[in-house]
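See below for the structure under consideration.
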Amino acid sequence: MTNPIRLPRWSPYVVGAGIGVLSWVTFYFMNKALGTSTSFVGASGALLCTVACEHVEQNAYFAKTLGAKGGGFKPVFDWQMALVFTMALGAFISAWFGRTFKVERVPTLWQSRFGPSVAKRYAAAFVGGVILIFGARMADGCTSGHGISGGLQLAVSSWTFFVAMFATGILTALVLYGRGPKEVTRVQ
Amino acid sequence: MFSNFFADPKTLALGAVTGLVFGFLLQKGGVTRYNVIVNQFLFCDFTVLKTMLTAIVVGAIGVYAMLALGMIEGLHVKTAALMMNALGGAIFGVGMVLLGYCPGTAVAAAGQGSRDALVGIAGGLVGAVAYAEAYPWIGKHIEPIANYGKITFPGVAHVTPWVFIVPLAVGAAALFFWLERREHTAPRPA
């Protein structure tokens, strides 16, 4: 039997169950729920603070998200931001041992539709990223904070997010790629 | 902001271990790949839905069992400001397909070598600032619409959470069974 860490892919059910159990661990040992997108607020606030800190302090949203109760700021590099940084490392370890690490600028599915231009792909990725986090902050969570953590807590907010996200995601995918058979990605 | 930039070492260590496992699992699951995520929204690959639904069902069983046994301090439910959740979710869906990753999987994808995900993260930082700038208006005009506080379905219905968890688990299992049968009998797209 192959060492599981050497496998390029695991069953989505095994991975999903693993993430579910990871949620038990964060609730039980850390009194936390998995989430990632709040860290984008902390990171952008800190970056902006290096040039215009007063502006950050006076902004209602940065104050609400990053501010401490007694005034001043909570630590920006907190539990979740540590999590976000090591997520990249965890993925690297998985990819390295599974031999799926690959420097890729233009995904094959994108290339099959929009060509090999790196500039074009990066432009779409950048704009997509802007829209993604704007939406996540408005909704107060993303696929992990709402989708997984909120979903498993049966939160009304999170299931509302989930339905809305899938609806416009499907529409956007239809606009970008149209109907018809797509490249199979199940085995890579 | 920079006078107390870092949380205490224990908090950071716990976050770091969690992130390591989370990123590892997402990459092994294949949901850090652009093709897998976009193909979910095209109904050509159900990996994302299988992973998320399994995580939700397994997570719900454990978290609500621990809550019933008094093992955890409480839940971390986000406020149901439904116009914000729906509108934000709708905007998020567009961004997720255009970028091809969500915030967490973009970070994990960066770790597997996907350079476009890094560009998406840079965009995300700009998006966070854009939202902060727009917040004074949004908070005043959109946030109060259909705002019910931190509510859950079992809380609203005044029933035990298992009324929702059991059908969710059974429904997910039935969906998975159907998907697997379909994937193993139907010819794969060329």
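The values are calculated or read from the model by the stated rules, or taken from the named source; none is laboratory data. The structure presented is a predicted model; accordingly, all values stated were derived computationally and were not measured. Quick reminder, even Gly has a Cβ in these numbers, built from the backbone with ideal geometry, and neighbours come from all protein chains shown.
List of remarks:
Residue-wise test of (1) closer than 22 Å to B:A68 by Cα; (2) modelled with pLDDT under 95.
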| residue | (1), (2) |
| --- | --- |
| B:A146 | no, no |
| B:F153 | yes, no |
| B:H158 | yes, no |
| B:L168 | yes, no |
| B:F177 | no, no |
| B:R182 | no, yes |
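- For first residues located in segment B:142-154 and more than 9 Å from chain A (Cβ to nearest Cβ) and polar (S, T, N, Q), partners that are surrounded by 16 or more Cβ atoms within 10 Å (Cβ to Cβ) and assigned to a strand (DSSP E or B) and lie 6+ apart or on another chain with Cβ distances below 7 Å form the pairs B:N147/B:A81.
Per-residue answers, yes or no, for (1) touching a Gly at 6+ places or on another chain (Cβ under 7 Å); (2) outside any helix (DSSP H, G or I); (3) closer than 19 Å to A:T38 by Cα; (4) at pLDDT below 95:
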| site | (1), (2), (3), (4) |
| --- | --- |
| A:E54 | no, no, no, yes |
| A:E57 | no, no, yes, yes |
| A:G71 | no, yes, no, yes |
| A:Q80 | yes, no, yes, no |
| A:F92 | yes, no, no, no |
| A:W96 | no, no, no, no |
| A:T100 | no, yes, no, no |
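- Those helices (runs of 4 or more DSSP H) of segment B:88-190 in which 3 or more residues are crowded, with 24+ Cβ neighbours inside 10 Å occupy B:103-111, B:115-141.
- Any hit, segment A:30-44, residues being assigned to a helix (DSSP H, G or I) and without any contact (Cβ under 8 Å) to a residue 24 or more places away in the chain: yes
- Reported count of residues in segment B:80-94, each being of a type in the set (F, W, Y) and either more than 7 Å from chain A (Cβ to nearest Cβ) or touching a residue at least 24 places away in the same chain (Cβ under 8 Å) (or both), is 0.
- Residue, surrounded by the fewest Cβ atoms within 10 Å (Cβ to Cβ), within segment A:115-145, restricted to residues that are β-branched (V, I, T) and touching a helix residue (DSSP H, G or I) at 6+ places or on another chain (Cβ under 8 Å): A:V127
- Index of the failed condition, A:F62 passing every other in (1) more than 18 Å from B:V129 (Cα to Cα); (2) among the aromatic types (F, W, Y); (3) without any contact (Cβ under 8 Å) to a residue 60 or more places away in the chain: (1)
- Qualifying residue in segment A:122-140 (condition: more than 7 Å from every other protein chain (Cβ to nearest Cβ) and not in a loop (DSSP other than H, G, I, E, B)): yes
- Screening A:S112 against (1) surrounded by fewer than 21 Cβ atoms within 10 Å (Cβ to Cβ); (2) at the interface with another protein chain (Cβ under 7 Å from one of its Cβ atoms); (3) of a type in the set (S, T, Y); (4) farther than 30 Å from B:E133 by Cβ leaves a single unmet condition, (2).
- Here B:G29 does not qualify as facing another protein chain (nearest Cβ under 7 Å), of a type in the set (G, A, S), closer than 22 Å to A:L66 by Cα and crowded, with 24+ Cβ neighbours inside 10 Å.
- Qualifying residue in segment B:59-69 (condition: more than 7 Å from chain A (Cβ to nearest Cβ) and touching a helix residue (DSSP H, G or I) at 6+ places or on another chain (Cβ under 8 Å)): yes
- Segment B:36-71 - residue that is more than 23 Å from A:L154 (Cβ to Cβ) and touching a residue at least 40 places away in the same chain (Cβ under 8 Å) and, of those, nearest to the chain's Cα centre (by Cα): B:I37
- Considering segment B:34-52, the residues that are more than 7 Å from chain A (Cβ to nearest Cβ) and buried (at least 23 other Cβ atoms within 10 Å of the Cβ) include one that is farthest from A:M87 (Cα to Cα), namely B:Q40.
- The selection criterion, being within 7 Å of chain B (Cβ to nearest Cβ), touching a Gly at 6+ places or on another chain (Cβ under 9 Å), surrounded by fewer than 24 Cβ atoms within 10 Å (Cβ to Cβ) and within 24 Å of B:N39 (Cβ to Cβ), does not hold for A:F161.
- Answer from A:F73, A:F97, A:F126 - the residue that is touching a residue at least 40 places away in the same chain (Cβ under 8 Å) and on the phi < 0 side of the Ramachandran plot: A:F97
- Residues being within 21 Å of A:V84 (Cα to Cα), out of contact with any Ser or Thr (no Cβ under 7 Å at 6 or more places or on another chain), at pLDDT 95 or above and outside any helix (DSSP H, G or I) are entirely absent from segment B:53-68.
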